[in-house]
1. What ranking, highest mean first, results for peptides 320-328, 119-127 when packing means the other Cβ atoms within 10 Å averaged over each residue?
2. Provide the FRET efficiency to the nearest 0.05 for the residue 310-residue 194 pair, computing r from the beta carbons and using R0 = 45 Å.
3. If you filter the range 135-206 for trypsin sites (Lys or Arg not before Pro), then keep DSSP loop positions with at most 12 other Cβ within 10 Å, what is left?
4. At a 10 angstrom cut-off on C-beta neighbours, averaged per residue, how do the peptides 148-158, 219-229, 272-282 rank from highest to lowest?
Amino acid sequence: MPTILLKKLMSLNQIKCNTMNRKHVVNLSLFFAVILILSGCGQSSSQPSTNESKQADSAIAKEQPKDSSTLVREKLNDIALFVSGLPVNKNSSIYELTQTPEWSEYSEEAKNAWARFDSLTAKYSAFSKAEIKSPYDSIKTLFYPFSGPDFLFANIMFPNVDKMILIGLEGPGSIPRIDSTSKDSLKDMLEMYKVAIEDVIQLSFFRTIDMKNELGNKSIDGTAPIIMLFLARAGKEIVEVNPMYLDKSGELTKVSESKGKRMATAVEIKYRNKGESKIKSVSYLSTNLADPTLSQNIGFMNFLKNIDNNVVTFVKSATYLMHKSYFSIIRNTCLEKSALILQDDSGIGFKFFKKDQWKIQLYGTYSKPIKLFEDFFEPDYLEAFNKGNVKPLNFRIGYSPKSNLLMATRK
């Protein structure tokens, strides 16, 4: 109640007290007490408490519809979690599929397989932290030719990069189509995912001879589904998945809906670490890297020219192609653009690392390639191992159980 009004009433009360008997004074005092109480109640109801306001705001926020980009992002991550054998959001349209015996069995098998791989991951990560030191551990672009969809090892060995460029023969593929109609073919679909990744988590590489079938079927039509699976298993949040192509200037460009996704020769997946806002990307490009084909691909040739200088390059299980004379373009790109190259013996031939340009550190054991690739034995590489200055490897990587790595840093 306003102070002036209260004073006037008090004054009136005083005047009337002089002329009224005591009974009337009591009644009038009670009247003013009621007025004050009612006035206080009115103020309380018009101004709710802070907690009540927060609860009301929260309720309103929950009622707000999600924008389309949020819905798309949630769907992408649900799909990635689903194919990786991890639980999806209970509000997801594909949640009911995770309640089937087929998915439950797949999830349990995936859990056991990844538990075994995770025990090895610690060794790979320890190597990365110990050997890839400043300034190389802060380089932001990774170049990984002959990679297939191997985001898995790229992320373990080079966790700090913001941009990955993967290149392989396999098509880029598309986002898996999973919905309630997938129930009838669920067992077969999940078996294909199991087969597609079992080599890389058991042997550290994809078998090239198998990938044509494993990454070219109705359920897995290319590398994108496998990269999404690896992102989910690495605890990443997928932000976008975009079909891409290279224009003549070598720029990656989104494929418009009007042109159709069949035009795509690449896929770009944007992601971020959970709880962070920084967006990273992995771009997978599909092409034949042999000189005769590559030299005719103007867009790809310009793309290679446009790659940042001083990238880190990773090569493993590359079937010794860069040992050959007709893979000179991609080999020279690696040598010209890299500040650091980490590879096994199936990458760039040892003879191509000029001593006045590169500092070499060797790891593990080298005797000769496995029988399939025995023609690519390198006597000079063996001699370098025999001379010493070789650090041990406590894990398998590449084709041979007795593995080797070479790290070259530019002088």
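1. Result, highest mean Cβ count within 10 Å first: 320-328, 119-127.
2. E(calc), rounded to 0.05, equals 0.70.
3. 177
4. Descending mean neighbour count gives 219-229, 148-158, 272-282.
A short reminder: the numbers here are calculations on the coordinates, not readings from a lab. Not measured: the values here are computed from a predicted model. Quick reminder, even Gly has a Cβ in these numbers, built from the backbone with ideal geometry, and neighbours come from all protein chains shown.
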